[in-house]
Amino acid sequence: MQHNNLYTFRFISIITLVASLLLALASTQLKELQEFNIDLDKKKNILKCIGIDVAIMTPDMIIDEYESNISNITLNTNGDVVTNIENKNLKSVQNKSTGQIQYYLDNIEYLPAYKASNPESFIIPIAGKGLWSTLFGYFALEKDLNTVKGISFYKHGETPGLGGEVEKKWFQDNFIGKKIFNSSAELISIKVVKGKAGDVLSSDALIHGVDGISGATITSRGVSEFLKNDLLRYEPYINRNKSN
Amino acid sequence: MDKNIKAIISDPMVDNNPITKQILGICSALAVTVKMEQAVVMSLALAFVLICSNVIISLLRKNIPGKIRIIVQLTVIASLVILIDELLKAYLYDISKQLSVFVALIITNCIIMGRAEAFAMQNNIKDAMYDGLGNAVGYGAILIIVSIFRELLGSGTLFNYSVIPSSIYLENGGWYVNNGLMLLAPGAFIILGLIVWVQRSYTKYVED
């Protein structure tokens, strides 16, 4: 069938117009539900990183548990608690090269964190670059602010089966019980090694290292780096409040 | 039912199955068959896109200018894929997170473009709809069969329910260990290969 050029242009314009209108409509209609899901997923991962089994909980139970267990705390960059600011009002700005998220209100930088009452823990948001994408998650410390309570990731774009293993239980469970400070009170953070931690680290260093992901060396290195960078920002607060 | 329609639906299920006979859409068949839940949702998403795209393209077939027909087909398919992706994010968030990029990649699934170009462009709306249905069932059936084997052998569960008694597992003093290979892509390749072999020795089909 032959059509002239004018017809072709008209036809494709109408098709694209109709398609884009329909998609815009769908996107605006579903936005509220999607945002609720994203928010719920963050709450779920905050609870997950302090060791609560969220897999068996319904959305309502997760929201109830979150409301009763988790409280927000906002710090300034000196590590002092700021009381007149809420975490949700902070504007987040992502550093394009490292993936680190910085939080601002009126051009002053703040550090959002969370406290859980049962089990008592201190939770910070973590973010940084892996291989393909920025990983977003939470990292929890026990009340001594030295022992790792847990880690979880709620968003990443790493390859499933390779870098994507960061969201798996085996990887996250390895962090539990590790220490972020060494015996001379230096912040060492947790290093994701290449291979099995037990094979490559001395017994002293083992408490600061976890098994790497085979086939995902760059993702593993990224996790070590951004975890340390994020912890360093909270170090003033942690130093002041940790128990020796 | 009309004999012709019956043939249109049943042909892609076995004799002309898009995966095992035409070897199309393999990528997603390997990627999302670790768990049955994912395979079922993926099959439904593909069925939605395939049936709708066949119907819409068949509806427009007399008006689509020949020179830009592939572009028009892609516009229709891409819009439907974005729509189903948005719907999954709104109503089945956890599964959509697991399926990650593979829902968006339905756009590049050869089955859909293939059916649009080879069938919907020449046939009426009713036949195009049945053709979409038949191919979607043919695709979904293989995905679900592969995922049954992978989830059962790889995780010891079906639809996330444990079916292998926990007492026989090695860590509980038994002898059984889940087969980790089944969770990786090569496991899917092996099962898919076995299915193709069984099917071809049954239908006596030989590649020219």
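Taken together, the values in this text are just the output of simple stated rules run on the coordinates, not laboratory data. Quick caveat, the model's predicted, so the values are computed rather than measured. Ideal geometry is used to build each Cβ from the backbone, glycine not excepted, and the neighbour counts take in all protein chains shown.
Per DSSP helix of 4 or more residues, -39500 (n - 2.57); summed, then divided by the residues of the protein assembly as shown. What does that give at 222 nm, rounded to the nearest 500? All intermediate terms of the calculation are to be shown ahead of the outcome.
Numbers: 14 runs with 219 residues, N = 452.
Rounded to the nearest 500, it is -16000 deg cm²/dmol.
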_Exposure proxy ranking, count of Cβ atoms within 10 Å, fewest first, for A:VAL54, B:VAL49, B:VAL72_ = A:VAL54, B:VAL72, B:VAL49
*Which of the aspartates and glutamates could a cross-linker span from A:LYS169 if the Cα-Cα distance has to be under 12 Å and same-chain partners fewer than 8 positions apart are dropped?*
A:ASP53
*Using the alpha-carbon atoms, what tilt in degrees (0 to 90, nearest 10) does helix A:5-49 show relative to the longest principal axis of chain A?*
20
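Taking the convex hull of the Cα atoms, report for chain A its projected area averaged over all directions, in nm². Present the calculation step by step, with values, prior to reporting the outcome.
On the way: hull surface 75.8 nm².
Quarter of the Cα hull surface area: 19.0 nm².
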*To the nearest 20 debye, what is the magnitude of the charge dipole of the stretch A:5-241 about its Cα centre, counting +1 on the Cβ of each Lys and Arg and -1 on the Cβ of each Asp and Glu?*
640
_Shielding by partners, peptide A:18-31 (average Cβ within 10 angstrom, other chains)_ = 3
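Mind checking B:85-95 for the average number of partner chain beta-carbons within 10 Å of each residue's beta-carbon? List each step's numbers first, then the result.
Numbers: counts 1, 8, 4, 2, 7, 11, 4, 1, 8, 5, 0.
Mean partner shielding for this stretch: 5.
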*Charge dipole (the stretch B:3-203, unit charges on Cβ, about Cα centre) - positive-most of B:LEU105, B:VAL14, B:ILE144*: B:VAL14
*Starting at 0 and stepping by 10 Å, how many percent of the alpha carbon pairs of the protein assembly as shown end up in each bin?*
4, 16, 24, 22, 17, 11, 5, 1, 0
*What does the charge dipole of chain B about its Cα centre add up to, to the nearest 20 debye, if the Cβ of each Lys and Arg holds +1 and the Cβ of each Asp and Glu holds -1?*
480
*Suppose every K and R has +1 on its Cβ and every D and E has -1 on its Cβ; what is the size of the dipole of the protein assembly as shown about the Cα centre, in Debye to the nearest 20?*
1020
*Which aspartates and glutamates does A:LYS31 reach when only Cα atoms under 13 Å apart count, and residues fewer than 8 places away in its own chain are ignored?*
A:ASP39, B:ASP85, B:GLU86
*Choose one of A:LEU187, B:LEU59, A:SER117: the residue whose Cα lies farthest towards the positive end of the charge dipole of the protein assembly as shown (beta-carbon charges +1 Lys, Arg; -1 Asp, Glu; about the Cα centre).*
B:LEU59
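Can you flag which of A:LYS115/B:LYS89; A:LYS88/A:LYS242; A:LYS44/A:LYS155 are past 19 Å Cα-Cα? Display every interim value, and only then the final one.
Numbers: A:LYS115/B:LYS89 29 Å; A:LYS88/A:LYS242 26 Å; A:LYS44/A:LYS155 12 Å.
Cα-Cα > 19 Å for A:LYS115/B:LYS89; A:LYS88/A:LYS242; rest within.
Among A:HIS156, A:HIS3, rank each residue by its count of other Cβ atoms within 10 Å, from fewest to most, as a rough exposure measure.
Values: A:HIS156 21, A:HIS3 15.
The fewest-first ordering by Cβ neighbours comes to A:HIS3, A:HIS156.
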*Helix axis angle, A:59-69 relative to chain A longest principal axis, alpha carbon, degrees*: 40
*Just name one of B:ILE5, B:ASN160, B:ILE68: the one whose Cα is farthest towards the positive end of the charge dipole of the protein assembly as shown (beta-carbon charges, Lys/Arg +1, Asp/Glu -1).*
B:ILE68
*Rounded to whole Å and sorted largest first, list the principal axis extents of the Cα atoms in chain B.*
68, 45, 31
*DSSP H helices in chain B with Cα extent of 24 Å or more along the helix axis and mean Kyte-Doolittle hydropathy at least -1.0?*
B:36-60, B:69-91, B:125-155, B:185-203
_Inter-centroid distance (Cα atoms) of the stretch B:61-93 relative to the stretch B:99-150, Å_ = 13
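Output the peptides B:181-192, B:135-146 sorted from most to least packed, where packing is the average of other Cβ atoms within 10 Å over each peptide's residues.
On the way: B:181-192: 17.7, B:135-146: 22.8.
Descending mean neighbour count gives B:135-146, B:181-192.
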